[in-house]
1. Checking the a/c ratio against 1.5 first, then a/b against b/c, what shape does the Cα gyration tensor give for segment 146-185?
2. For the chain, what does the helix formula give at 222 nm: sum of -39500 (n - 2.57) over DSSP H segments with n ≥ 4, over the residue count, nearest 500 deg cm²/dmol?
3. If you build the convex hull over the alpha carbons only and average its shadow over all orientations, what do you get for the chain? Give it in nm² to one decimal.
4. Is the C-alpha gyration tensor of segment 159-206 telling us rounded, prolate or oblate? Criteria: a/c under 1.5 is rounded; beyond that, a/b larger than b/c is prolate, otherwise oblate.
5. Relative contact order of the chain: what whole-number percent is it, with Cα pairs under 8 angstrom and at least 6 residues apart?
6. Out of residues 5 or more away from LEU217 or on other chains, whose amide H comes under 5 Å of its own, with H placed 1.01 Å from N in the peptide plane?
7. Quickly rank 85-97, 51-63, 138-150, 7-19 as a protection proxy: mean count of other C-beta atoms within 10 Å, highest first.
8. How far, in nm, would the chain grow between GLN22 and VAL52 when pulled straight, counting 0.36 nm per residue and subtracting the alpha carbon separation?
Amino acid sequence: MYIVLLGPPGSGKGTQGNLLSQKTSIPHLSTGTLFRDILANPDHELHKDIQVIKEGKLVSDEIVNKVVWDTLKKPEYDKGIIFDGYPRTVAQAEALEKMLESMGKKVDVVIDINVTREVLLERLLGRRSCPICKRIFHISQGLEKCPDCGVPLIKREDDNRETIMERFEEYEEKTAPLQSYFKSGSVNYIEIIVTESSRTASSVKEEIMNKLFELGLVGK
Ligand code: AMP
């Protein structure tokens, strides 16, 4: 099954991608994580081309689509992918649909996570993650190290107020149009609305699992 997680920065796509992957055994693919790994490797052929990430801007469609195409062909992604952070523009969505079609596959469901701006900002400014397992935490949890890997948690370079605002703008201008793009197509569309910062990741995951069940996409 091919799932697209849609939502602004801080909406919980990464966390939900991990949780849904554990529940369904479908691999989770975050293009943001792929790019941060490339940023940390100055010898990588794309290292120069993706520096725009530091300013909160989107990487070019051409580069993202190529990276996704190379990944789609890997045998571990044969049975499906939970896409987190891809597609992010209408051109990327069209490219993804073409790539999948050429493999006799399709996007099965889009999960759109809507979260209010206040909640997003609070989450992003306090977000920490494990550099090894990539699990996401919040400073309010009071953890300094990853409980699984034992290494110090890190703050993303682009999780500062100025870059966050730029990422919100990029989202509104380039990614939000994907909502009407997918809604006007034939793909299953699940909408989740989060208005409280106290809403837990596990309750969001439960709502998503229930809706996937109602659509007949997963068992109980
Ligand atoms: P994320 O971890 O999804 O918030 O992504 C971090 C950054 O990586 C974004 O702000 C973009 O600069 C870049 N990025 C990730 N996915 C994409 C994409 N599909 N298209 C363009 N840029 C992307």
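Throughout, read-outs are computed from the coordinates displayed, never taken from laboratory work. Predicted, not measured: the structure shown is a model, and the values here were computed from it. Methodologically, a virtual Cβ is constructed for each residue, glycine included, from the backbone with ideal geometry; neighbour enumeration extends over all protein chains shown.
1. Numbers: a/c = 7.18, a/b = 1.88, b/c = 3.82.
Oblate is the answer for segment 146-185, as a/c is 1.5 or above yet b/c matches or exceeds a/b.
2. Dividing the helical sum by the residues of the chain leaves -11500 deg cm²/dmol.
3. Convex hull of Cα atoms, orientation-averaged projection: 12.1 nm².
4. Because a/c hits 1.5 or more and a/b fails to exceed b/c, segment 159-206 counts as oblate.
5. Rounded, it is 29 percent for the chain.
6. none
7. Highest-to-lowest ranking by the protection proxy: 7-19, 85-97, 51-63, 138-150.
8. Taking GLN22 through VAL52 to full extension adds about 7.6 nm, to one decimal.
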